[in-house]
Amino acid sequence: MEERLSTKDLAVGYGSVPLIEDIALQVAAGRIVTLIGPNGSGKSTILKTLTGHLPKCGGTVFLHQKPMETYTRRDLARELAVVLTERVRPELMTCRDVVAMGRYPYTGHMGLLRREDREKVASALRLVEAEDLQDRDFLAISDGQRQRVLLARAICQEPKVLVLDEPTSYLDIHHKIGFLEVLRRLTRQRGLAVVMSMHELEFVRRVSDWTVCIKDGAVLRAGPPEEILNGTLIETLFDLPQALYQAYFGNEDAR
């Protein structure tokens, strides 16, 4: 299976002080890798470093087995798309305009969209069930609606690697499930390599191929979700009393 994104001896943090060291990730085509852990454990810091939004404290990030810094910004945008939790606030742009931004790595210097580009914008809006939003002001819609529009923008980039930070945070249950079904389908059909962070363990279990636990400045453990999402490890990861965890999740497989 083709390895799309990987790291070697990666250290992440702010400034020269590492928060987490010796991070080894491998994300293959058609696979979803999910980071889990308590708030403040460093999941977002890892993702921002993978995408170049934060400088590394050490080590290497590889894209298609080449160091990421060897890519031009334009070439990188054709390979990797990002949906982060920071609020994007483009002024005077419709949702269609925001989604169309995903086509700019493929347009000329004038940024003019071709018919093919406009068709890809429309297709991406359909995929995330956001066609009814296309003419609305991006700043006038809800956080959950914006998240779907930003996913559509990422889809428009036609990336090989997709990085998402808490992508379902602002979505209601209908759109959480719809979002994750679209993500899983795209991953399989287009051979995407996806790395993301999530808090909702019931969804992590259902969509992930590999799960990485982050706590106290270290990778606590990594493996398939059916091995990782067991009572003992989750209790340790989130400092949950065993009885409380069992009350909520103990009979999940039986339900």
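The values are calculated or read from the model by the stated rules, or taken from the named source; none is laboratory data. The structure displayed is predicted, hence computed values, not measured ones. Every residue, glycine as well, gets a Cβ built from its backbone with ideal geometry; the counts of neighbours run over all protein chains shown.
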Considering Tyr71, Tyr14, which residue is within 25 Å of Cys156 (Cβ to Cβ), hydroxyl-bearing (Ser, Thr, Tyr), surrounded by fewer than 19 Cβ atoms within 10 Å (Cβ to Cβ) and out of contact with any His (no Cβ under 6 Å at 6 or more places or on another chain)?
-> Tyr71
Being closer than 22 Å to Ala28 by Cα and either surrounded by 13 or more Cβ atoms within 10 Å (Cβ to Cβ) or in contact with a Phe, Trp or Tyr (Cβ under 7 Å, 6 or more places away or on another chain) (or both) is the filter here, so list the residues in the range 215-229 that pass it.
-> Val219, Leu220, Arg221, Ala222, Gly223, Pro224, Pro225, Ile228, Leu229
Index of the failed condition, Thr168 passing every other in (1) free of Cβ contacts under 8 Å to residues at least 40 places away in the same chain; (2) part of a helix (DSSP H, G or I); (3) among the polar types (S, T, N, Q) = (2)
Right, Leu112: surrounded by fewer than 17 Cβ atoms within 10 Å (Cβ to Cβ), over 30 Å from His199 (Cβ atoms) and touching a residue at least 40 places away in the same chain (Cβ under 8 Å) or not?
-> no
Identify, from the list Thr236, Thr232, Thr187, the residue that is of a type in the set (S, T, N, Q), part of a helix (DSSP H, G or I), surrounded by fewer than 18 Cβ atoms within 10 Å (Cβ to Cβ) and touching a residue at least 12 places away in the same chain (Cβ under 8 Å).
-> Thr236
From Leu162, Leu150, Leu139, Leu171, residue being modelled with pLDDT of 90 or more and surrounded by fewer than 22 Cβ atoms within 10 Å (Cβ to Cβ) | Leu139
List the number of the failed condition for Gly42; all other conditions in (1) within 20 Å of the chain's Cα centre (by Cα); (2) buried (at least 18 other Cβ atoms within 10 Å of the Cβ); (3) closer than 23 Å to Lys160 by Cα hold.
-> (3)
Among the listed residues Ala154, Ala243, Ala247, which satisfies the condition of being small (Gly, Ala, Ser) and either within 28 Å of Ala77 (Cβ to Cβ) or part of a strand (DSSP E or B) (or both)?
-> Ala154
Would you point out which residue out of Leu92, Leu5 is outside any loop (DSSP other than H, G, I, E, B), out of contact with any Pro (no Cβ under 7 Å at 6 or more places or on another chain), under 29 Å from Leu125 (Cα atoms) and touching a residue at least 24 places away in the same chain (Cβ under 8 Å)?
-> Leu5
Mind checking which residues of the range 37-49 are in contact (Cβ under 8 Å) with a residue 60 or more places away in the chain and not in a helix (DSSP H, G or I)?
-> Gly37, Pro38, Ser41, Gly42
List, please: which pairs have Cβ atoms under 7 Å, are six or more places apart or on different chains, and start with a residue in the range 50-73 that is closer than 11 Å to Thr7 by Cβ and modelled with pLDDT of 95 or more and end with one that is crowded, with 17+ Cβ neighbours inside 10 Å and of a type in the set (Lys, Arg)?
-> none
How do the pairs read when you match residues in the range 8-36 that are under 23 Å from Pro225 (Cα atoms) with residues anywhere that are among the basic types (Lys, Arg), using Cβ under 6 Å and keeping only pairs 6 or more apart or on different chains?
-> Val27/Arg4; Ala29/Arg4; Gly30/Arg188; Leu35/Lys43
Could you list, in sequence order, the residues of the range 97-108 that are part of a loop (DSSP other than H, G, I, E, B) and not polar (S, T, N, Q)?
-> Gly108
Top-ranked residue in the range 109-134 [being part of a helix (DSSP H, G or I) and acidic (Asp, Glu); ranked as farthest from Gly178 (Cα to Cα)] | Glu116
